[in-house]
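**Q** I have a structure here, written as structure tokens, and I will follow up with some questions on it.
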Amino acid sequence: MEETPLWTPKDPANSQTTKLRERINEKHNLHLETYEQLWEWSCSNRGMFWSEVWDYEGVVGDKGAGLYVKESARPSENPNWFPNASLNWAENQLRHAKAQPRDVALIQISESCPGWTPSVNHLKQEDLYRLVGKVQRSMKKSGLEKGDRVAYWGGNTIEAVVVLLATSSLGGIFSSAAADFGTDGVIERMTQIRPKLLFVTNGVVYNAAPRPLLPSLSILLDKLDYKPEKVVVISHLPDSMVPRPHSLGPEVMDWEEYLDKGDGNVEFVRMGFNEPIWILFSSGTTGKPKAIVVSQSPFVG
């Protein structure tokens, strides 16, 4: 039986893969004619291939000199890539903000529930850059330094992306917990990373029903043996749908209150290619969740 491709490009000659292959051919005096040949060359010349990808994509930062990976290393050795590089992941994500400020950077679509139908929220590149700057300056006022952890607990919001970018811009390490985790699941994660700052949405909508998180936040803060220095509440749901507990401590403040009131350029702390910027976690179904540290890479996302 003849197989039918799931997808075929309309103009393969103008695809990014073809353009990269032609660039490599010209630079290295090669005659790679197909995707398979390019793939085979990339496997035999890993450092050279990813060096070409760095240049082709215009990665912001210093690639560094020397070998970009130990070619003889086995995957099990987990060799370092670009050992002499210096870059910042957030700087690469925000690099189009000034060249294409009016382009849409983020689109937030939230689930509806009875009594609330949220609008679709579009955020332009220039507005994303401005928000990251405000949160970054607030984080610096909070004393956040390279290597400090920042945690997020809540729904998929624009603010979550802003917090991630602001954390990464300063060399901090970001982690998150899903909105449907109970307090015990969040505690298991937070006690391992001991975040300096915690950002949390006031609630989420799941299966067309509002789920307030502030009552759970109160329980969480009572049970944590290591308190974040500041807890910032993001109003994802209307405040009328989420009663605010009286027991929240003085370290808890609202998003608008936390944001720096000024404007200015975002600072980017450039670091090594293999330095950590994220902590993910396993599901925790076979014991406590295991922390998975992810190093910065401009090719992620």
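The values are calculated or read from the model by the stated rules, or taken from the named source; none is laboratory data. These figures come from a predicted structure and were not determined experimentally. All Cβ positions, even for glycine, are placed from backbone atoms using ideal geometry, and neighbour counts span all protein chains on display.
**Q** Which of the following residues is farther than 30 Å from Ser112 by Cα, among the basic types (Lys, Arg) and either assigned by TED's automatic domain parsing to the domain that holds Gly154 or modelled with pLDDT of 90 or more (or both): Arg194, Arg244, Arg211?
**A** Working: Arg244 fails: farther than 30 Å from Ser112 by Cα; Arg211 fails: farther than 30 Å from Ser112 by Cα.
Step by step, each of Arg194, Arg244, Arg211 is checked, and only Arg194 is farther than 30 Å from Ser112 by Cα, among the basic types (Lys, Arg) and either assigned by TED's automatic domain parsing to the domain that holds Gly154 or modelled with pLDDT of 90 or more (or both).
**Q** Is at least one residue of region 147-161 of a type in the set (Ser, Thr, Tyr), more than 25 Å from Pro212 (Cβ to Cβ) and touching a helix residue (DSSP H, G or I) at 6+ places or on another chain (Cβ under 9 Å)?
**A** Step one: list which residues in region 147-161 are of a type in the set (Ser, Thr, Tyr), which gives 152, 157.
In the following step, the residues that additionally are more than 25 Å from Pro212 (Cβ to Cβ) were identified as none.
No: region 147-161 contains no residue that is of a type in the set (Ser, Thr, Tyr), more than 25 Å from Pro212 (Cβ to Cβ) and touching a helix residue (DSSP H, G or I) at 6+ places or on another chain (Cβ under 9 Å).
**Q** Pick from region 13-43 the residues that are more than 31 Å from the chain's Cα centre (by Cα) and surrounded by fewer than 11 Cβ atoms within 10 Å (Cβ to Cβ): which of them is modelled with the lowest pLDDT?
**A** Ala13
**Q** Any residue in region 1-13 that is in contact with a Leu (Cβ under 7 Å, 6 or more places away or on another chain) and without any contact (Cβ under 8 Å) to a residue 60 or more places away in the chain? Give the steps one after another, and end with the answer.
**A** The initial filter retains those residues of region 1-13 that are in contact with a Leu (Cβ under 7 Å, 6 or more places away or on another chain), namely none.
Checked region 1-13: no residue is in contact with a Leu (Cβ under 7 Å, 6 or more places away or on another chain) and without any contact (Cβ under 8 Å) to a residue 60 or more places away in the chain.
**Q** Looking at Val135, Val205, Val162, which is the one that is among the hydrophobic types (A, V, I, L, M, F, W, C), outside any strand (DSSP E or B) and closer than 21 Å to Val242 by Cβ?
**A** Details: Val135 fails: closer than 21 Å to Val242 by Cβ; Val205 fails: outside any strand (DSSP E or B).
Within the list Val135, Val205, Val162, the selection yields Val162.
**Q** Here's something else I'd like to know. Could you tell me whether Glu71 is surrounded by fewer than 16 Cβ atoms within 10 Å (Cβ to Cβ) and without any contact (Cβ under 8 Å) to a residue 12 or more places away in the chain? Walk me through how you get there before you give the answer.
**A** On the way: surrounded by fewer than 16 Cβ atoms within 10 Å (Cβ to Cβ): yes; without any contact (Cβ under 8 Å) to a residue 12 or more places away in the chain: no.
No; evaluated as a whole, the condition is false for this residue.
**Q** While we're looking at this one, here's another question. What number of residues within region 85-101 satisfy the criterion of being among the polar types (S, T, N, Q), surrounded by fewer than 20 Cβ atoms within 10 Å (Cβ to Cβ) and in contact with a strand residue (DSSP E or B) (Cβ under 8 Å, 6 or more places away or on another chain)?
**A** Taking region 85-101 and keeping what is among the polar types (S, T, N, Q), we get 86, 88, 92-93, 100.
Checking which are surrounded by fewer than 20 Cβ atoms within 10 Å (Cβ to Cβ) leaves us with 86, 100.
With in contact with a strand residue (DSSP E or B) (Cβ under 8 Å, 6 or more places away or on another chain) added as a condition, the list becomes 86.
Qualifying residue count, region 85-101: 1.
**Q** A further question follows. Looking only at region 283-300, decide whether some residue is of a type outside the set (Ser, Thr, Tyr), assigned by TED's automatic domain parsing to the domain that holds Pro114, crowded, with 16+ Cβ neighbours inside 10 Å and not in a loop (DSSP other than H, G, I, E, B).
**A** Checked against the condition, which is being of a type outside the set (Ser, Thr, Tyr), assigned by TED's automatic domain parsing to the domain that holds Pro114, crowded, with 16+ Cβ neighbours inside 10 Å and not in a loop (DSSP other than H, G, I, E, B), region 283-300 yields no hits at all.
**Q** Restricting region 178-236 to residues that are of a type in the set (Phe, Trp, Tyr) and within 20 Å of Glu111 (Cα to Cα), which is surrounded by the fewest Cβ atoms within 10 Å (Cβ to Cβ)? If you could, list the steps in order and put the result at the bottom.
**A** So in region 178-236, the residues of a type in the set (Phe, Trp, Tyr) come out as 181, 199, 206, 226.
Cutting the leftovers down to within 20 Å of Glu111 (Cα to Cα) gives us 181, 206.
Values: Phe181: 18, Tyr206: 13.
Among those residues, the one meeting the criterion is Tyr206.
**Q** Still on this structure, please answer the following. Looking only at region 53-68, how many residues end up being touching a residue at least 60 places away in the same chain (Cβ under 8 Å) and in contact with a Lys or Arg (Cβ under 8 Å, 6 or more places away or on another chain)?
**A** So the count comes out to 4.
**Q** Looking at region 92-107, I want the residues that are over 8 Å from Gln125 (Cα atoms) and have a partner that is loosely packed, with under 12 Cβ neighbours inside 10 Å and among the hydroxyl-bearing types (Ser, Thr, Tyr) with Cβ atoms under 8 Å, at least 6 apart or on another chain. Which pairs are those?
**A** From residues that are over 8 Å from Gln125 (Cα atoms), there are no pairs.
**Q** Would you pick out the residues in region 118-132 that are out of contact with any strand residue (DSSP E or B) (no Cβ under 8 Å at 6 or more places or on another chain), surrounded by 14 or more Cβ atoms within 10 Å (Cβ to Cβ) and not in a helix (DSSP H, G or I)?
**A** Hit for region 118-132 is Pro118, nothing else.
**Q** Among the helices (runs of 4 or more DSSP H) contained in region 1-114, which hold 1 or more residues that are of a type in the set (Val, Ile, Thr) and closer than 24 Å to Pro276 by Cβ? Please lay out each step first, then the result.
**A** Details: elements: 16-28, 35-44, 46-57, 89-93.
In region 1-114, the matching helices (runs of 4 or more DSSP H) lie at 46-57.
**Q** Now for a separate question. Pairs, please: C-beta under 6 Å, at least 6 apart or cross-chain, first residue free of Cβ contacts under 8 Å to residues at least 40 places away in the same chain and in region 233-257, second assigned to a loop (DSSP other than H, G, I, E, B)?
**A** Val233/Asn202; Ser235/Asn202
**Q** Then there is this: When Gly115 is evaluated against the numbered criteria (1) surrounded by 11 or more Cβ atoms within 10 Å (Cβ to Cβ); (2) more than 25 Å from the chain's Cα centre (by Cα); (3) in contact (Cβ under 8 Å) with a residue 40 or more places away in the chain, which criterion, by number, is the only one it fails?
**A** (1)
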